[in-house]
Amino acid sequence: MRLDEEKDEKDDNAYQPQDLIVPESLSDRNKRSQLKSQLHKQYERMASMTRGRCGDPCGRPGRCCKPEFCEMTAQYAREVYNLQLHRTKHPDLPFMGQYGCTVAPYLRPHCTVYVCEKHLEEDPEFKVNYQWLRDQIDRIELDLHGISKDDPWSVPGAASNVLRRQMRGTRP
C-alpha cells in the first residue's frame with residue numbers, strides 16, 4: 001500500500017494541521033510538544049524508508065556520509081534543540097557507531113531525508129511514498145517553526161529550509 005493512500009484510512013501517523021485540535025487552555029508549550037512528538041515519529045518513518053535503500057545499488061552503505069554532514073548535525077542539534085551530541089570513536093565520522101549513525105533521525109534531517117536519485121527515478125511507488133512522507137514532515141516543520149506556507153523561501157522542502165535558515169541565521 002502506498003503511504004499517500006493511507007490518507008483515506010484513519011492513519012495515526014498522517015499529519016494534517018486540523019488533526020492537531022488542541023483546547024485553547026493548553027499552553028503553546030503543550031502544542032509544540034505534540035508537534036515535536038509527531039515530527040519525531042515521521043522522521044523515524046523516513047529514516048526507516050531511506051535506510052532500507054542505503055547501499056543499494058552501490059553496495060557500500062553509508063558511503064554518502066561525510067564529516068561535514070556530521071558537523072552540520074552537531075550544529076543543528078545545538079542551535080535548534082539545545083543539545084550537545086556525544087561523539088563516537090569513529091576515525092572519520094564522529095557519530096558513526098557499529099550499526100550506523102547514533103544520532104536520532106529528527107536531529108539530522110538533512111541525512112534522514114537523503115536518498116539516491118536512482119531510487120526516485122526507478123521506483124515510482126517508492127517515489128510517491130517518499131514524497132508523501134516528506135510533505136508530512138514539511139507541514140509539521142512549518143507549523144512547529146511558525147512559518148507561513150505562503151513564504152516562498154520556506155516551501156517546498158520546509159525541513160531543509162528551516163535547517164538552512166537556522167544555520168545561516170537569516171533569510172536571503
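The values are calculated or read from the model by the stated rules, or taken from the named source; none is laboratory data. These figures come from a predicted structure and were not determined experimentally. Because the Cβ atoms are built from the backbone with ideal geometry, glycine has one as well, and the counts that use them run over all protein chains shown.
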Problem - Failed item, numbered, when Val80 is tested on (1) among the hydrophobic types (A, V, I, L, M, F, W, C); (2) within 16 Å of the chain's Cα centre (by Cα); (3) modelled with pLDDT of 90 or more - result: (3)
Practice task
Within region 106-135, track down each residue that is under 14 Å from Ala47 (Cα atoms), in a helix (DSSP H, G or I) and either of a type outside the set (Phe, Trp, Tyr) or without any contact (Cβ under 8 Å) to a residue 24 or more places away in the chain (or both).
Solution key: Leu107, Pro109, His110, Cys111, Thr112, Asn129, Gln131, Leu133, Arg134
Fill in the blank from the handout: For region 82-100 the number of residues that are over 24 Å from Val115 (Cβ atoms) and surrounded by fewer than 13 Cβ atoms within 10 Å (Cβ to Cβ) is 5
Fill in the blank from the handout: Residues of region 107-123 being closer than 13 Å to Arg53 by Cβ and surrounded by fewer than 20 Cβ atoms within 10 Å (Cβ to Cβ), in sequence order, are Tyr114, Cys116, Glu117, Lys118, His119, Leu120, Glu121, Glu122, Asp123
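Residues Val80, Val103: which one is closer than 15 Å to His40 by Cα and in a loop (DSSP other than H, G, I, E, B)? Lay out the reasoning, then the answer.
Details: Val80 fails: in a loop (DSSP other than H, G, I, E, B).
Step by step, each of Val80, Val103 is checked, and only Val103 is closer than 15 Å to His40 by Cα and in a loop (DSSP other than H, G, I, E, B).
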Problem - Residue among Gly146, Gly97 that is modelled with pLDDT of 85 or more and of a type in the set (Gly, Ala, Ser) - result: Gly97
Exercise for the section: Take Cys70 and decide whether it is modelled with pLDDT of 85 or more, over 11 Å from the mean Cα position of the chain (by Cα), crowded, with 20+ Cβ neighbours inside 10 Å and not charged (D, E, K, R). Expected result: yes
